[in-house]
1. Any idea which of (1) open to solvent by less than 20 Å² (accessible area, probe 1.4 Å); (2) touching a strand residue (DSSP E or B) at 6+ places or on another chain (Cβ under 6 Å); (3) at pLDDT 90 or above is the one residue 84 doesn't satisfy?
2. Hey, can you tell me all the residues within region 335-347 that are part of a loop (DSSP other than H, G, I, E, B) and open to solvent by 40 Å² or more (accessible area, probe 1.4 Å)?
3. Tell me, which helices (runs of 4 or more DSSP H) wholly within region 390-454 include 2 or more residues that are basic (Lys, Arg)?
4. Here are the criteria: (1) within 16 Å of ligand 1 (Cβ to nearest atom); (2) over 17 Å from residue 306 (Cα atoms). Tell me which single one residue 64 does not satisfy.
5. Would you be able to tell me the number of residues in region 74-95 that are within 8 Å of ligand 2 (Cβ to nearest atom) and not in a helix (DSSP H, G or I)?
6. Limited to region 24-47, what total is found for residues that are surrounded by fewer than 20 Cβ atoms within 10 Å (Cβ to Cβ) and of a type outside the set (S, T, N, Q)?
7. When region 370-389 is examined, which residues are found to be part of a helix (DSSP H, G or I) and within 31 Å of the chain's Cα centre (by Cα)?
Amino acid sequence: MKVEEVKSIVKTQRISAHSHIKGLGLDENGFAIQAAAGLVGQEQAREAAGVVVDMIRSKKMAGRAILLAGPPGTGKTAIALATAQELGNKVPFCPMVGSEVYSSEIKKTEVLMENFRRAIGLRIRETKEVYEGEVSELTPVETESPAGGYGKTVSHVIITLRTAKGSKQLKLDPSIYEALQKEKVEVGDVIYIEATSGAVKRQGRSDAYATEFDLEAEEYVPLPKGEVHKKKEVVQDVTLHDLDAANAKPQGGQDVLSMMGQLLKPKKTEITDKLRQEINKIVDKYIDQGVAELVPGVLFIDEVHMLDIETFTYLHRALESALAPIVIFATNRGRCLIRGTDDVYSPHGIPLDLLDRLLIIRTMPYNRSDMEQILKLRANTEGLEIDPDAISALGGIGTKATLRYAVQLLTPAHLTAKINGRNHIALEDIEETGSLFLDAKSSAKILQENKDKYMS
Ligand SMILES: Nc1ncnc2c1ncn2[C@@H]1O[C@H](COP(=O)(O)OP(=O)(O)OP(=O)(O)O)[C@@H](O)[C@H]1O
Ligand SMILES: [Mg+2]
């Protein structure tokens, strides 16, 4: 199994609407602080999420599932993302939206399986022979290009690594020079180079180079102790999906046509069930040998009512497996039709037998003062100035429509303010934008009242 070159592939999250959220905002006893870490109110749901975090940390929860249920704009997605923040970046968190399974290229269950494996981490500890130290010299040595062109090529690179105990000069292959460039290694960085594979890891800037005026977020590390050439325990966090992807073979044959095809299309790799089983076997072996440790993470499926009966059945089975992450579902639906059936209605559009094994966390509509607090927070993170009576008017709109709608009005209101020659949002800007747009409820009402004027 390929482990050394495995790069973690983390799904990028669509979090811009939630960028103010930094965690669940609980105190040391697990009680919610009214406003903390970017979250306001919704105390019970936050405390429940805190219990979930504890269970995940103590690994008491693999294979269990949670449902966040509540009306639109009550913070379900926000709380799920806050849970991820609390877990930290060593515990995998894979967010997806129910409708993602409907891809025209991949089977629905395949999408689910891939995301399941993105949510299961493996911490691998290996003792490796390395050269480690602060880079005190880095010189590429060039020769005339052997191809006879005008260019020059790097024939090798001279690097000197320094530790508290001494220093060592190494002459390295050009391939390692590329690796050094990829990691953006410069003189003054602390790095290690794996002796067998030549893999380069930049650990940070040596703290001898720390300056008071450094504005960039740079991580400073102390000068390594011990010899440059030594054995070191290297810890690597990967997910099962990372391992699948790194060990999958590119699709297509070796003939010219399929190679052309690969040039035109981005290279696709095929992860088969057989490959996954093989990876599982090796993972099991690693765990038995004590080299690796399983880190069950979280699979977050937002808008779960978008899944259909086939995917629900598959999910239910997958949850039974020993290798299951914790699954957090969220939905704003009440009783509705289960997709893929003609007439099976169920609470939240989730089959009853699956619903039966979920722990359900409810989110409640916000009161006006919570809403105003959240709106102020959002305005702050977006760098917008807003008058108190404008906040209060937005709060009023939020209670009639949803919080999300009120949050979304902030940007157009800011534009209106600018057109009116102001930098801060005033009451009249809110009134003006409020009259330009409709929220979902009012729009639905207008449709209902003017049924005969629309095509249907
Ligand atoms: N308690 C809260 N504290 C701070 N911000 C919040 C809170 N609840 C919601 N928000 C913010 O309000 C907006 C709407 O919330 P969110 O998207 O989480 O609602 P939701 O319950 O997932 O809605 P939907 O059912 O429509 O998906 C987001 O920008 C979110 O970050
Ligand atoms: Mg949501």
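1. (3)
2. Of everything in region 335-347, those that are part of a loop (DSSP other than H, G, I, E, B) and open to solvent by 40 Å² or more (accessible area, probe 1.4 Å) turn out to be 340, 342, 343, 344.
3. The qualifying helices (runs of 4 or more DSSP H) are 440-449.
4. All conditions are met except number (1).
5. Of the residues in that region, 0 qualify.
6. 10
7. Scanning region 370-389 gives 370, 371, 372, 373, 374, 375, 376, 377, 378, 379, 380, 381.
Rundown of residues vs (1) modelled with pLDDT under 85; (2) in a helix (DSSP H, G or I); (3) not assigned by TED's automatic domain parsing to the domain that holds residue 173, yes/no style:
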| residue | (1), (2), (3) |
| --- | --- |
| 187 | no, no, no |
| 224 | no, no, no |
| 231 | no, no, no |
| 243 | no, yes, no |
| 246 | yes, yes, no |
| 263 | yes, yes, no |
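The values are calculated or read from the model by the stated rules, or taken from the named source; none is laboratory data. This structure is a prediction, so every number in the text was calculated from the model and none was measured. Counting neighbours? That spans all protein chains shown, and the Cβs are built from the backbone with ideal geometry, glycine included. SASA here: full protein model, heavy atoms, side chains in, ligands and nucleic acids out. Shrake-Rupley method; radii C 1.70, N 1.55, O 1.52, S 1.80 Å.
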